[in-house]
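The values are calculated or read from the model by the stated rules, or taken from the named source; none is laboratory data. Source: prediction; values computed, not measured. In this analysis, Cβ positions are derived from the backbone assuming ideal geometry, glycine residues included, and neighbour counts consider all displayed protein chains. For accessibility, only protein heavy atoms count, side chains too; no ligands or nucleic acids. Shrake-Rupley method; radii C 1.70, N 1.55, O 1.52, S 1.80 Å.
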Amino acid sequence: MTATTGQRSGGPIWVPFLLVCLAYLATTTGESLLAPIYPVAADDLGLDLTRAGLSFAVLASAIAVCNVVGGLLLRRWATPRVLAAALATTSLGGLVAATSGEPRQFLVAQVLLGAGAGLLYPGAVMSVGTFAGRNRRGFAMGLFGVMFSAGLVLAACLSALGTQSDWRWSFGIGAVFAAIAAIAVLFISGAPRAATGGSAFVGLAAVLGAPTIVGVVGGISQYATVSFLPVFAVDVWDMSEAAAAGVLAVGRVMSVPAKLVSGALADRRGPIHTARCVGVVLAVAGLAWALCPTLWIGVVAAVVFTAEVSALFPLANLLAFERAGARAPALGVFRSLQLAAGAVAGFTVGAAADIAGLRPTIAVVSAVPLCLVLGRAETGPLHGADTTNGARIDNSGR
């Protein structure tokens, strides 16, 4: 089946779609290795807590900056070439980390790993939206989001392997995986080409409405709420560190069906309606988690909240593609805004919790998803046009 045939029939084009998902899995695995492997690498390289914070900061910053750079590259290069460059950068980052002998080299590796993840995102979302066909885009975005969850799991497995032998093997295997994926995406044919007319950031206004609102709510809920769940479980519920990690892990596992269900519902009822439903569930679950005095109810609510937060990101991606489509730089800015909002919110919640306490702070932040219910409805693609938004199908495979 060719790309153009798939678009006329509205059905998915599975082979290139799955190759893009493989690429996302590889870059996510690379960027996610830092957290689980850091304690072991820190002992070996003499890294302190200051360098830990710096490592996480440069990783996140590299992702945010290269989201935009990746979008700009798509105006000049064919999509498979940009995807391959992103994966090659991730592979290089893994190799630099695996051969690190001192802190500066390890820090450079995090820049490269973050850059690879950032460069991939705009082209990947644009490709997933195109290869999914008009009738299954929501489910496809959900499946694409599952690759992020799978990347977290794979990174955890690789880090566990590394702790049993040498942590450098974790980054080395990740580098090989990314290199294989880089070769694979070069064989993608029928990939969409980014729109090149007008200014570089034409279409930015289109993603600053509903797509950014949904994505920012997801970013705030993820980094300023879910990230504090283990601390909350230990400090407020008096759980052990292992039990707290277990609660978070269950929520992460449940995020997989949550993403698929939200994507499928978006295909039937639309992403705005689905986001509002998720917003209600998040607000109720978040308040129950933070305020309910019964432990088991709070734990169940926290698991539900953790799972449902992940359901917002496929919806945000779908909305962004519907409104920006082939305007790749706008897609990059859209993703960077999510990361920025999450980083600011995470810092703010940490500072507020020191002053007012963790329970009331989490209760306030957990109500943020209600803005999805109260916001003005936006429906349909940008200017009512076809959601490819001027994308050209490239059958050259280059």
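Of note:
- With all pairs of different C-alpha atoms in the average, the Kirkwood value for the hydrodynamic radius of region 211-339 is 15.1 Å.
- Projecting the Cα atoms of LEU339, TRP289, ALA307 onto the charge dipole of region 273-368, computed from C-beta unit charges around the Cα centre, puts LEU339 farthest toward the positive end.
- Whole-percent carbon and sulfur share, accessible surface of the chain, 1.4 Å: 69
- Chymotrypsin sites (Phe, Trp or Tyr not before Pro) within region 111-195: DSSP coil, no more than 15 neighbouring Cβ in 10 Å: PHE187
- Hull-based mean projected area of the chain, where the convex hull spans the alpha carbons, in square nanometres: 18.2
- What the phi angles of region 250-259 give under the Karplus curve with 6.51, -1.76 and 1.60, with θ = phi - 60°, is a coupling list of 4, x, 5, 5, 5, 5, 5, x, 4, 5 Hz, glycine and proline written as x.
- Size of electric dipole in region 209-364: Cβ of Lys, Arg +1 and of Asp, Glu -1, about Cα centre, debye, nearest 20: 600
- Close amide H pairs (under 5 Å, H built 1.01 Å from N) link ALA191 with ASP394, GLY397, residues at least 5 positions away or on another chain.
- Using bins of 10 Å that start at zero, the share of Cα-Cα pairs per bin across region 20-150 amounts to 13, 41, 30, 13, 3, 0, in whole %.
- Rounded to the nearest 20 debye, dipole of the chain from Cβ charges on Lys, Arg, Asp, Glu: 1580
- Cα-based radius of gyration of region 248-295 once divided by 2.2 N^0.38 Å, which approximates compact folds: 1.34
- With 10 Å bins from 0: P(r) over region 182-242, alpha-carbon pairs, percent: 16, 20, 23, 22, 14, 4
- Global dimensions of region 9-94 from alpha-carbon coordinates: Rg and Dmax equal 16.3, 57 Å.
- Summed over the residues of region 175-242 and divided among them, the accessible surface reaches 40 Å² per residue at a probe radius of 1.4 Å.
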